[in-house]
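The values are calculated or read from the model by the stated rules, or taken from the named source; none is laboratory data. Worth saying up front: this structure is predicted, and the values here are computed from it rather than measured. No Cβ is skipped: glycine too gets one built from the backbone with ideal geometry, and neighbour counts run over all protein chains shown.
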Amino acid sequence: MVHTFSTMLELGTRAPDFKLPDVISGKEFALSNVKSDIATVVMFLSNHCPYVKHINSQLAKVSDKYISKGISFVGISANDADAFPDDAPEKLKKQAERFGFAFPYLFDETQQVAKAYKAACTPDFFVFDKDLKLVYRGQFDSSRHKNDIPVSGKDLSEALDALIFDKAVNEEQQPSSGCNIKWKKGISPF
């Protein structure tokens, strides 16, 4: 595991399109299938990363809360599942079932979607407004598996609350940090 920070994609960037299989249902989802008229949260996750394991339970609660308010969430795993079998689709499905993820959890086998988003770590969060323009990218909150700060989802929640109440999202944002995305041999991340 290499501790990595998110790239902090430029605010205002339009959400890159995707069409990927859902590890839970087996159906394919495109960005247009998950887009919300309020906000769309795209999250790069994994099953084996301790930084993701640390937030799984609270992530399920936060996503449930905001899904009920009309915000959509989608998880994407882009890790090389051959080199990291815990991130294979069947293991991701077990993760989603264990924590009760109410959002599609997609598998990016070619890693092209992760490259398009300039995702660097797991977890990595991207929030797009109703026009699919990036308004937040960064951390779930300040908690990490090696500190004593409780997991709350504070940073992500504040951005989503701003969008719900039609307010500007604070542009002072902290990068997410976690395990580096496990790129396949021969694939350059950016």
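Values as computed for the structure displayed
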item	result
All positions within the stretch 158-184 that are assigned to a loop (DSSP other than H, G, I, E, B) and in contact (Cβ under 8 Å) with a residue 12 or more places away in the chain	Val169, Asn170, Glu171, Gln173, Gln174, Pro175, Ser176, Ile181, Lys182, Trp183, Lys184
Positions within the stretch 46-70 being crowded, with 18+ Cβ neighbours inside 10 Å, more than 24 Å from Glu109 (Cα to Cα) and either touching a Leu at 6+ places or on another chain (Cβ under 6 Å) or free of Cβ contacts under 8 Å to residues at least 24 places away in the same chain (or both), in sequence order	Tyr66
The lone exception for Pro150 - which of (1) of a type outside the set (A, V, I, L, M); (2) over 27 Å from Asn33 (Cβ atoms); (3) in a helix (DSSP H, G or I) it fails	(3)
Boolean, Ala96 is closer than 22 Å to Thr4 by Cα, at pLDDT 95 or above and surrounded by 21 or more Cβ atoms within 10 Å (Cβ to Cβ)	no
Hits in the stretch 158-184 - residues which are within 19 Å of Tyr117 (Cα to Cα) and more than 17 Å from the chain's Cα centre (by Cα)	Glu171, Lys184
Identity of the residue in the stretch 151-190, β-branched (Val, Ile, Thr) and under 28 Å from Ser68 (Cβ atoms), that ends up surrounded by the fewest Cβ atoms within 10 Å (Cβ to Cβ)	Ile164
Residues within the stretch 132-155 that are in contact with a Phe, Trp or Tyr (Cβ under 8 Å, 6 or more places away or on another chain) and among the hydrophobic types (A, V, I, L, M, F, W, C), tallied	4
Conditions (1) in contact (Cβ under 8 Å) with a residue 40 or more places away in the chain; (2) within 14 Å of the chain's Cα centre (by Cα); (3) not in a loop (DSSP other than H, G, I, E, B); number of the one not met by Asp155	(1)
Which listed residue, of Ile76, Ile38, is surrounded by fewer than 21 Cβ atoms within 10 Å (Cβ to Cβ), in contact with a helix residue (DSSP H, G or I) (Cβ under 7 Å, 6 or more places away or on another chain) and either among the β-branched types (Val, Ile, Thr) or over 26 Å from Asp161 (Cβ atoms) (or both)	Ile38
Flag if Ala102 is surrounded by fewer than 14 Cβ atoms within 10 Å (Cβ to Cβ) and among the aliphatic types (A, V, I, L, M)	yes
